[in-house]
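Novice: Quick one: this structure, given as structure tokens, is what I'll be asking you about.
The values are calculated or read from the model by the stated rules, or taken from the named source; none is laboratory data. Owing to the predicted nature of the structure, the values given are computational and were not obtained by experimental measurement. Every residue, glycine among them, receives a Cβ derived from its backbone with ideal geometry; neighbour counts consider all protein chains shown. The accessibility values were calculated without ligands, DNA or RNA, using every heavy atom of the protein model including side chains. Shrake-Rupley method; radii C 1.70, N 1.55, O 1.52, S 1.80 Å.
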Amino acid sequence: MLILLTDGLNTANRFTTNPTQIDNRTAAVCDNIKKAKIKLPTVRVIEGNLSLLQRCASASNMFYDAQTASRLPAVFSSITASLSGARLSK
């Protein structure tokens, strides 16, 4: 499992300041993570590209929209609960 958490819009990265290019790159990364069979919950904190993060999540119930930072403990509790039966490996 890999958790994608963001607190804003994609406005700049080391390659560009073009939000559309950054969103496309983010979507490609999400697709590759899911193709590798890695579960991908996404968390939007306060603002960010809603549709991008919903599409990035492995399933619709794996997208979390935290309108305040104080919601994060509940979000991570929910993610943790979804891990029942999971094991860690090195």
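Novice: Between S51 and A28, what length in nm is gained on full extension when 0.36 nm per residue of separation is reduced by their alpha carbon distance? Show your work: numbers first, answer last.
Specialist: Working: separation 23, 0.36 × 23 = 8.28 nm, distance 1.43 nm.
Answer, rounded to one decimal: 6.9 nm.
Novice: If r is the Cβ-Cβ distance from N18 to L72 and R0 is 35 Å, what FRET efficiency results, to the nearest 0.05?
Specialist: With R0 = 35 Å, the Cβ-Cβ based efficiency is 0.75.
Novice: Computed from the mean reciprocal separation of all distinct C-alpha pairs, what Kirkwood hydrodynamic radius does the stretch 3-87 have, in Å?
Specialist: 13.5
Novice: What accessible area per residue, rounded to a whole number of Å², is obtained for the stretch 3-90 using a probe radius of 1.4 Å?
Specialist: With the other protein chains kept in place, the stretch 3-90 gives 68 Å² per residue.
Novice: Round to the nearest 10 and give me the degree value, 0 to 90, for the angle of helix 19-35's Cα axis relative to the longest principal axis of the chain.
Specialist: 30
Novice: Please tell me the relative contact order of the chain in percent, rounded to the nearest whole number, where contacts are Cα pairs under 8 Å and at least six residues apart. Let's see the in-between values first.
Specialist: Numbers: 116 pairs, mean separation 24.1, N = 90.
Answer for the chain is 27 percent.
Novice: Still on this structure, I have one more. Rounded to the nearest 500, what is the 222 nm mean residue ellipticity of the chain from helices alone, with -39500 (n - 2.57) per DSSP H run of 4+ residues and division by all residues?
Specialist: Theoretical 222 nm ellipticity from helices: -11500 deg cm²/dmol.
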